[in-house]
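Quick one: the structure is below, and I'll ask about it shortly.
The values are calculated or read from the model by the stated rules, or taken from the named source; none is laboratory data. Fair warning: this is a prediction, and the values are worked out from it, not measured in the lab. When we count neighbours, we look across all protein chains shown, and the Cβ atoms used for this are built from the backbone with ideal geometry, even at glycine. We work out accessible area using only protein heavy atoms, side chains counted, and drop any ligands, DNA or RNA first. Shrake-Rupley method; radii C 1.70, N 1.55, O 1.52, S 1.80 Å.
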Amino acid sequence: MQHVLIVEDVPETAEWLGVVLQQAFGEVHLNVATTCQQARQLLGKVSVNVALLDINLPDGSGIDLVASVRQHYPNAYIVITTIFDDEEHILHAVQAGAHGYLLKDSSELVFIQKLRGILSGDPPLSPSVSRRILQYFSAAGNAHGTPDNQHSGVNRSEVASLSPREREVLILVAKGLSRGDVAELLGLSTNTVARYIRDVYQKLNISSRAEAAVEACRMGLVRTDF
């Protein structure tokens, strides 16, 4: 059973998220908070292995809760669920340590598929969010006078530490493809892809798809014109 904390101040949206979670995971135990204060009061008192955090709450932002959730539940998957798709909110969430970022205007089917990815080790990240991250870092690199394929801060030793297949996997993951999609595209089993992803994450010292997108762009492996 998945133990989920939903932090959402709109009752209809919280109810919808509960339905989506049940369709994604089957049996779930839900704890719902409508404010940051209520969420903090629950932390440490209930079991949580998945947290869905809204951004625009009456007394603050769900992004500010990420550190507290991670402190109490180090192994929990933390997903920002919001209508905001701008770079500022996305990057703030990634930097805070969120594992996923899902847009509420996604279809119910997409939402369910992305949440199910948690079970197979694919932190949920909307493809458009990956593109936003890549566009931001591409623009930052160009602002410093670096060519499109030579982003600032590129660590050549990091690129060299990855095998050709690991680089392929990193690029596809950064572009928002699921583990299953990567496996189908490269003609590999999902278990083999999972192993490659694990090895890439270990070599780059990252732990989420969002960080993978950032690193792939920083390393010059991904362009934003896809």
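What residues qualify as long-range amide H neighbours of Gly220, i.e. H under 5 Å apart, gap of 5 or more or another chain, H built at 1.01 Å from N?
His151
Can I ask one more? Multiply the residue gap between Met1 and Asn205 by 0.36 nm, knock off their C-alpha separation, and tell me the result in nm, one decimal place.
70.5 nm
Taking a probe of 1.4 Å, how large is the accessible area per residue of region 1-109, in Å²?
I get 46 Å² per residue for this part.
With a Förster radius of 35 Å, plug the Cβ-Cβ distance of Leu91 and Asn191 into 1/(1 + (r/R0)^6) and report the FRET value to the nearest 0.05.
0.60
How would you order 161-169, 62-70 from highest to lowest mean count of nearby Cβ atoms within 10 Å?
The peptides rank, most packed first, as 62-70, 161-169.
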